[in-house]
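What follows is a short report on a single structure.
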Amino acid sequence: MGITLVSFGQHKNPKRGLAFGYHKEADFQAISGSLSWWYNWANTPDSGVAGVFGNYKWELSCKNH
């Protein structure tokens, strides 16, 4: 009797994102996977992730109020 393992990878969904603030790279590592965008209520990334958010292939969703 054999065991077959099936792996279901997480696919990025353009409708799935997250809004939160005061980002750190550890936050991005913890929630990366299926997210496509993030939002921080500003026009620029937080200083804690400004240099690394591109590594996660996420889009910063800037909203002008």
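All but one of (1) at pLDDT below 80; (2) exposed (fewer than 11 other Cβ atoms within 10 Å of the Cβ) hold for Ser47; state the number of the condition that does not hold.
(1)
Those residues that are in a helix (DSSP H, G or I) and touching a Gly at 6+ places or on another chain (Cβ under 9 Å), I need them from region 27-58; list them, please.
Of everything in region 27-58, just one residue is in a helix (DSSP H, G or I) and touching a Gly at 6+ places or on another chain (Cβ under 9 Å), namely Asp27.
The values are calculated or read from the model by the stated rules, or taken from the named source; none is laboratory data. Note that the coordinates shown come from a computational prediction; the quantities given were computed from them, not determined experimentally. Note that each Cβ is placed from the backbone with ideal geometry, even for glycine, and that neighbours are counted across all protein chains shown.
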